[in-house]
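Encoded as structure tokens, the structure appears first; notes follow it.
Laboratory data are not the source of any read-out in this text; all were calculated from the coordinates shown. Remember, it's a predicted structure, so these values are computed and weren't measured experimentally. Here the Cβ positions follow ideal geometry from the backbone for every residue, glycine too, while neighbour counts run over all protein chains shown.
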Amino acid sequence: MIFLLSGCYSNPGKTDSDFSLSAPVNFKNNFYKRLQGEIDGNHLVMNLFKDGVNLKGNYYSEEGELINICKPSWIDSAGNITITAGGDQIDEAGNLVYKGIFSGRFVDSSTVLGKWKQNKKDKGIDFILKELYPQGSLSFTFKSGQYNYKKLAKIEIEYPFLESVLQSSANDSINKFLSTVKLDNGSELNFSDIDKSINEFVLKYQNEVEKFASVTGRRYYESQFKGSILFNSEGIISFEKKYLIYKGDAYGYTLTTLRSYSIATGQEIKPDDLLTGNWQTMLTKMGEEKLKQKFNLTQGDKLSDNGFFGFKDGFFLTGNFAVTSSGLKFIYSENEIAPKSFGTIEIFFSFTEIESLIRDDSLLSFALD
């Protein structure tokens with residue numbers, strides 16, 4: 001179910017009075033909730049994160065497309081919510097595309113009642129979402145922190161954190177992935193102690209910039225480390241991490257990392273665990289075709305003649321991938337195969353496209369139903 005809106009809501013206003021009848025619900029400052037329910041007969045699953053008064057995350061319906069939650073999405077002290085969907089795609093006219101708004105209220109700590117609206121004037125469709133973790137899904141907490149030093153150095157950290165659900169070694173492996181980032185030079189940054197990470201960032205700014213400001217001038221520093229859940233069902237948990245560092249130069253640096261794990265074993269999932277036959281040959285061929293289509297190249301064009309690099313021995317499919325609700329997502333980070341101006345490059349294979357390659361004894365067997 002996808003509807004297009006002309007723009008994001010700059011003032012969400014109050015939610016419908018129909019949903020403000022019960023007593024306020026006391027929530028922690030941060031949480032993660034896996035919500036599911038139906039809207040107009042369509043099954044929906046939402047990964048919802050609360051960070052103070054802000055709401056973040058994504059959702060998908062039976063159609064499978066993963067739709068991100070954008071600003072402004074919020075929750076007040078009475079449990080009233082506004083969730084704006086989409087905003088990360090651009091139409092042919094260059095306008096951001098928004099895909100609806102959820103407006104309602106937490107009537108208790110695990111139930112949301114409300115209306116889904118196509119636009120502000122729409123009467124809306126009633127919905128009920130409940131916090132549920134069926135077999136094959138996991139519950140998480142949500143860790144976050146941010147600090148703005150003299151409006152010159154800003155750091156934001158947020159990621160889900162797995163409590164003791166799996167065996168300890170699996171917990172440790174997943175939480176290490178969620179709280180660290182491995183840079184291109186092989187070094188690793190650890191954000192497990194958020195206060196320590198913030199203090200180190202500010203100290204780095206003071207030593208690298210502030211101390212020499214009288215000579216070099218003041219520069220703006222920014223660091224973001226954000227982790228999110230892409231899929232939490234069918235025995236699979238998938239994550240996306242984004243790390244951004246900007247030190248006042250012209251470019252900055254962004255790294256995106258994907259990963260999927262088996263909930264039963266806590267082991268990382270590889271394409272070989274899911275696909276059979278000559279999947280590598282097939283996906284490599286399809287991937288090159290998709291990449292050329294994305295950048296309006298003909299199939300006869302050479303990637304190396306059009307700004308891409310690293311393909312001297314032919315196109316290769318990155319190992320940076322995750323399972324989503326509707327297919328397999330592969331990401332090339334900035335500067336990995338093309339200049340920064342090309343941005344982060346995604347190649348997506350829907351389950352329909354790769355159905356003949358899916359192992360019927362794998363965790364993707366649900367996609368064959």
*Select from the stretch 301-369 those GluC sites (Glu not before Pro) which occupy a DSSP coil region and have at most 16 other Cβ atoms within 10 Å, ordered by residue number.*
GLU353
*DSSP loop (so not H, G, I, E, B), at most 16 other Cβ within 10 Å: list which chymotrypsin sites (Phe, Trp or Tyr not before Pro) in the stretch 313-369 pass both filters.*
PHE315, PHE316
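Looking at the square roots a ≥ b ≥ c of the eigenvalues of the Cα gyration tensor of the chain, which shape do they give, rounded for a/c under 1.5, prolate if a/b is larger than b/c, or oblate?
Values: a/c = 1.42, a/b = 1.08, b/c = 1.32.
It is rounded, given that a/c, with a ≥ b ≥ c, falls under 1.5.
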*For the chain, what relative contact order do you get, as a whole percent, if you take Cα pairs closer than 8 Å and at least 6 residues apart?*
12 percent
*Rounded, prolate or oblate: pick one for the stretch 140-262, where a ≥ b ≥ c are the square roots of the eigenvalues of its C-alpha gyration tensor, a/c under 1.5 means rounded, and failing that, prolate if a/b is larger than b/c, else oblate.*
prolate
*Under the classification rounded if a/c is under 1.5, otherwise prolate if a/b is larger than b/c and oblate if not, where does the stretch 107-193 fall, given a ≥ b ≥ c as square roots of the Cα gyration tensor eigenvalues?*
oblate
_Could you tell me the relative contact order of the stretch 61-170? Use alpha-carbon pairs under 8 Å, at least six residues apart, and round to a whole percent._
13 percent
*Once you list every other residue whose beta carbon is under 11 Å from the beta carbon of LEU255, what net charge do they have if Lys and Arg are +1 and Asp and Glu are -1?*
0
*How many angstrom lie between the C-alpha centres of the stretch 153-218 and the stretch 314-360?*
27 Å
*Do any GluC sites (Glu not before Pro) in the stretch 82-165 lie in a loop, going by DSSP, with at most 13 other beta-carbon atoms within 10 Å of their beta carbon, and if so which?*
GLU92, GLU163
*Please report, in debye to the nearest 20, how large the charge dipole of the stretch 17-131 is about its Cα centre when each Lys and Arg carries +1 at its beta carbon and each Asp and Glu carries -1 there.*
440 debye
*Sites SER262 and LYS211 - FRET efficiency at Förster radius 51 Å, r taken between beta-carbons, to 0.05*: 0.55
_Dipole-positive endmost among GLY217, SER238, ASN190 within the stretch 185-291 (Cβ charges, Cα centre)_ = GLY217
*Quick one: among LYS130, LYS285, LYS115, which has the greatest mean-square fluctuation in a GNM of the chain with alpha-carbon springs under 10 angstrom?*
LYS285
*Net charge near ALA322: determine it from the other residues with C-beta under 9 Å of the C-beta of ALA322, scoring Lys and Arg +1 and Asp and Glu -1.*
+1
_Report, in listed order, any pair from LYS120/LYS294; LYS204/LYS241; LYS71/LYS117; LYS71/LYS150 with a Cα-Cα distance greater than 28 Å._
LYS120/LYS294
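Under the 0.36 nm per residue contour assumption, what length would be gained going from the current alpha-carbon distance of TYR220 and PHE316 to full extension? Kindly include the intermediate steps, with their values, before the conclusion.
Details: separation 96, 0.36 × 96 = 34.56 nm, distance 3.68 nm.
Length gained, TYR220 through PHE316: 30.9 nm.
Fewest to most neighbouring Cβ within 10 Å: what's the order for SER168, SER228, SER144? Walk me through the numbers on the way to the answer.
Working: SER168 9, SER228 21, SER144 18.
Fewest to most other Cβ atoms nearby, the residues stand as SER168, SER144, SER228.
For a footprinting-style exposure proxy, rank SER304, SER260 by other Cβ within 10 Å, fewest first. If you can, show how the numbers build up before the last one.
On the way: SER304 11, SER260 23.
Fewest-to-most Cβ neighbours within 10 Å comes out as SER304, SER260.
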*When the chain is treated as a GNM, springs tying every alpha-carbon pair under 10 Å, which of GLN299, GLN280, GLN267 comes out with the largest mean-square fluctuation?*
GLN299
*For LYS196 and LEU132, what is the calculated FRET efficiency with R₀ set at 25 Å and r taken between the beta-carbons, to the nearest 0.05?*
0.10
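Round to the nearest 0.05 the FRET efficiency obtained for ARG359 and ASN68 when R0 = 30 Å and r is the Cβ-Cβ distance. Please report the intermediate quantities before stating the final value.
Numbers: r = 30 Å, r/R0 = 0.99.
Using R0 = 30 Å, I get an efficiency of 0.50.
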